[in-house]
1. Read through the list (1) within 16 Å of the ligand (Cβ to nearest atom); (2) at pLDDT below 95, then give the number of the only condition that Thr28 fails.
2. Taking the residues in segment 213-225 that are surrounded by fewer than 16 Cβ atoms within 10 Å (Cβ to Cβ) and of a type outside the set (Gly, Ala, Ser) as candidates, determine which candidate is modelled with the highest pLDDT.
3. Please state which one of Ser146, Ser123 is modelled with pLDDT under 95, within 21 Å of Pro267 (Cα to Cα) and among the hydroxyl-bearing types (Ser, Thr, Tyr).
4. Could you look through segment 48-63, keep only residues that are within 16 Å of the ligand (Cβ to nearest atom) and at pLDDT 90 or above, and pick out the one that is nearest to the chain's Cα centre (by Cα)?
5. Collect the residues in segment 103-154 that are in contact with a Ser or Thr (Cβ under 8 Å, 6 or more places away or on another chain) and among the β-branched types (Val, Ile, Thr), keeping them in residue-number order.
6. So which of Gly137, Gly111 ends up being surrounded by 24 or more Cβ atoms within 10 Å (Cβ to Cβ) and either touching a Leu at 6+ places or on another chain (Cβ under 8 Å) or touching a residue at least 40 places away in the same chain (Cβ under 8 Å) (or both)?
7. Looking at Asn207, Asn185, Asn190, can you tell me which residue is of a type outside the set (A, V, I, L, M, F, W, C) and surrounded by 21 or more Cβ atoms within 10 Å (Cβ to Cβ)?
Amino acid sequence: MLHSPVPRSARRTVTVLVAALLALLGLTAAAPAQADVRPALAPNFKAPFPCGQQWTYSHHSAEVRRALDFIRSDGGSTAGTPQVASAAGTATRHYQAGGAGNYMVIDHGGGWKTYYFHLASFSVANGQSVAQGQQIGVTGSTGNSSGAHIHYEQLYNGVGQNIRINGTALAYPGSYGQYHLRSDNCGNTNFTTWGTGVRVRADARLNAAVVTTLPGPTPVYVECQKQGDVVHAEGYTNEWWSRLRDQRGFVSNIYIDHPDARLPGVPVC
Ligand SMILES: [Zn+2]
């Protein structure tokens, strides 16, 4: 018997918490070492090809790990089409003659990597940080490949995983044309500015030349961001600046309509 009785509502909360904890422990102990624990840990991977396009995919018998090969099924040309980052991370360039050809690896952190094989060319520098949806290469047929396609893989601690897009597991058909995937990998580097008379400068410096002035809230495409002069304005302090693709200059992130000082999903310049 308790000397100081726990109120009824509090007792119920404790009971629920204990039950939840036991369920969690039970689940953890029972879960197999790979697929089932994966969704909670993985980045939210999106299609490795541009927003709006539809591609079909297959897994042939001689395929490495849990790869899927993709070709376009929306009438567009597979060869020469951009490949885009499935999630944000650090991209590194590689080459394997007679195998992967030109290939890109993106390290997403937390043990997760994605592979993109047979590229005709690379679109970002070795070691560059990339945003989800950012172009990383051009689809080709380099290495051991019988025609242009994207060979795509998701790995956790070096082990190929069943591929999931937006958290949903894809099928592994033996031939193309049975399953299709439409990309919603539209990037998240579109923002809107706020305030009036916002100056866009040639660099992330308060004394850099003004290249243009935004009269009011303006939709902008942020290519990348970097640290520059510390800006105090509108009650905020921020040292991060965004490079605007279309205005060809930098604006303090204070004037980007987003609560974070450093914008999520935007690579560092
Ligand atoms: Zn393949």
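The values are calculated or read from the model by the stated rules, or taken from the named source; none is laboratory data. Everything numeric here is computed off the predicted structure, so don't read it as measured data. Positions of Cβ are generated from backbone atoms using ideal geometry, with glycine treated the same way; all protein chains shown enter the neighbour counts.
1. Here Thr28 clears every test but (1).
2. Going residue by residue through segment 213-225, those that are surrounded by fewer than 16 Cβ atoms within 10 Å (Cβ to Cβ) are 213, 215-217, 219, 221.
Remaining after also requiring of a type outside the set (Gly, Ala, Ser): 213, 215, 217, 219, 221.
Values: Thr213: 96, Pro215: 91, Pro217: 91, Pro219: 82, Tyr221: 84.
Going through the qualifying residues, I end up with Thr213.
3. Values: Ser146 fails: within 21 Å of Pro267 (Cα to Cα).
Answer to the check: Ser123.
4. Initial filter on segment 48-63 (within 16 Å of the ligand (Cβ to nearest atom)): 48-49, 55-63.
Then drop every residue that is not at pLDDT 90 or above, which leaves 48-49, 55-59.
Numbers: Pro48: 10, Phe49: 12, Trp55: 19, Thr56: 21, Tyr57: 20, Ser58: 23, His59: 23 Å.
Filtering segment 48-63 for residues that are within 16 Å of the ligand (Cβ to nearest atom) and at pLDDT 90 or above, the one nearest to the chain's Cα centre (by Cα) comes out as Pro48.
5. If we filter segment 103-154 for residues that are in contact with a Ser or Thr (Cβ under 8 Å, 6 or more places away or on another chain), which is where we start, we get 104-108, 114, 117-120, 126-140, 147-154.
Matches in segment 103-154: Val105, Ile106, Thr114, Val130, Ile136, Val138, Thr139, Ile150.
6. On the way: Gly111 fails: surrounded by 24 or more Cβ atoms within 10 Å (Cβ to Cβ).
Answer to the check: Gly137.
7. Working: Asn207 fails: surrounded by 21 or more Cβ atoms within 10 Å (Cβ to Cβ); Asn190 fails: surrounded by 21 or more Cβ atoms within 10 Å (Cβ to Cβ).
Every option except Asn185 fails the conditions.
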